[in-house]
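The values are calculated or read from the model by the stated rules, or taken from the named source; none is laboratory data. Not measured: the values here are computed from a predicted model. Please note: Cβ atoms are built from the backbone with ideal geometry, for glycine as well, and neighbour counts cover all protein chains shown.
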Amino acid sequence: AATDEHIKQEWGAKRDAAFSIFYMGINLGAFLSPIVVGFLAQHIWFRNFISSMGFDPKSSWHFGFGAAGVGMTLGLIQYVIGRNRLRDVGARPEKKTATARSESFDYVTGALAAVGGVTGAALGLYFGEAGVVSALFPCVVFFFVGYLLGTVRLLAGSELKNVLVIFILFLFSIVFWMTFEQAGSSLTLFADRLTRITIFGWAYPSSWFQSVQPIFIIILAPVFAGIWQKMGDRQPSSPGKFTFGLLFAGLAFVVVTIASMLTGGGRVSPLWLIFVYFLQSIGELCLSPVGLSTVTKLAPARMVGLMMGVWFLSISIGSYIAGLTTRFFAGNDPAVLTRAFGTFAGITLIAAFVLAVLTPLIKKMTPRAA
């Protein structure tokens, strides 16, 4: 995504539309992976096949993870082969002088990063339940946050304001991904336990619901790209689009809250989850490609890669929190599920309201966020 920084100079108002198309490409892989991995990991035919080959049927999940590794390898090969199409985009920068290096890193920055890493590891060990493994993620996150604080303190003027706006959107991005990534946990559990997963008498893996969202992204991304391009300077500001993203994510959980109320009478129609994923996809297209675009627009040129890391850190933290909250969906009690889904709906809708209130202030801080 960082290589798309050249859009910053060449595309202007078309930036969000360009990133929407870029995002569609990402979801081509996201559409195929749940189908392939779900089939290898869950389908009875494949389990019987590997059993006949002398493997433990329970090892089917290993083949799913192996398929992911094969896919990433093929992606790397394609990237290397197609490097000439990128021209000078993403090329190795000129070697920094000692002065330039001192502007991006000094002893204070190093100290903040070290303190952050130690603090994160300590918190992970104290609150975690998996020993050293629990310390790894918070250690990396706090180390990175410490490094960011040390780097940002050297900024001033419009650059500082732009980075502060990125951090504000970073916080709301965490809320979005915390709810969005329930698709891989609580919503998949809902699909597996409380949704009808048969069609014409044939049972399909519940993990296949993970392909519904990418299908919507592939279909809707060109539509959103056309809308942003057609609206030109009249399109909503970046924080305004973020607000819509949070709003639709919240509405998706309102729908699944209603669906969970109906599970007392048995499994519900898959159309409920399909509608939930449709709303989430609209929210994702309002927020995720726009977030990528906004980072390249606001970040100082020498910090685009670092700020892109901040953006993906928000996804990582949101996904991590989503994983921690899975325990609230462990049972099949409709009342418990309704409260849990309703809580996520409330958090996301409140976040959307708060960001809507802050949008005029953000636009005043940096007109480039408009």
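Some points to look at:
- Subset of segment 47-67 (residues that are modelled with pLDDT under 85, within 31 Å of the chain's Cα centre (by Cα) and over 15 Å from SER206 (Cβ atoms)): LYS58, SER59, PHE65
- Any chance THR263 is over 26 Å from VAL223 (Cβ atoms), buried (at least 18 other Cβ atoms within 10 Å of the Cβ) and at pLDDT 90 or above: no
- Each residue in segment 148-163 was checked for being at pLDDT 80 or above and buried (at least 17 other Cβ atoms within 10 Å of the Cβ), and 4 of them qualify.
- Selection of first residues in segment 46-65 that are surrounded by 14 or more Cβ atoms within 10 Å (Cβ to Cβ) and of second residues that are of a type in the set (D, E, K, R), restricted to Cβ pairs under 6 Å at least 6 apart or on distinct chains, gives the following pairs, ordered by first then second residue: SER60/ARG47.
- Residues that are assigned to a helix (DSSP H, G or I) and within 17 Å of SER206 (Cβ to Cβ) within segment 232-274 comprise VAL256, ALA259, SER260, THR263, PRO270, LEU271, TRP272, LEU273, ILE274, listed in sequence order.
- Filtered residue count, segment 187-207, keeping only those that are part of a helix (DSSP H, G or I) and buried (at least 16 other Cβ atoms within 10 Å of the Cβ): 8
- Among (1) surrounded by 18 or more Cβ atoms within 10 Å (Cβ to Cβ); (2) touching a Ser or Thr at 6+ places or on another chain (Cβ under 7 Å) - the single one PRO334 does not satisfy: (1)
- Residue check, GLY283 of a type outside the set (A, V, I, L, M), closer than 19 Å to LEU169 by Cα and either touching an Asp or Glu at 6+ places or on another chain (Cβ under 9 Å) or at pLDDT 80 or above (or both): yes
- Which numbered condition LEU292 misses (of (1) under 30 Å from GLY157 (Cα atoms); (2) in contact with a strand residue (DSSP E or B) (Cβ under 7 Å, 6 or more places away or on another chain); (3) of a type outside the set (Phe, Trp, Tyr)): (2)
- Pairs where the first residue, in segment 257-273, is farther than 23 Å from LEU349 by Cα and the second is outside any loop (DSSP other than H, G, I, E, B) and of a type in the set (A, V, I, L, M, F, W, C), C-beta under 8 Å, 6+ apart: THR263/LEU194; THR263/LEU337; ARG267/LEU194; VAL268/LEU194; VAL268/ALA259; VAL268/LEU262; PRO270/ALA191; PRO270/PHE209
- Unique residue being modelled with pLDDT of 75 or more, under 30 Å from GLY38 (Cβ atoms), of a type in the set (A, V, I, L, M) and not assigned by TED's automatic domain parsing to the domain that holds LEU298 when the list is VAL175, VAL140, VAL133: VAL140
- In segment 21-34, the count of residues that are in contact with an Asp or Glu (Cβ under 7 Å, 6 or more places away or on another chain), assigned to a helix (DSSP H, G or I) and over 22 Å from PHE209 (Cα atoms) is one or more.
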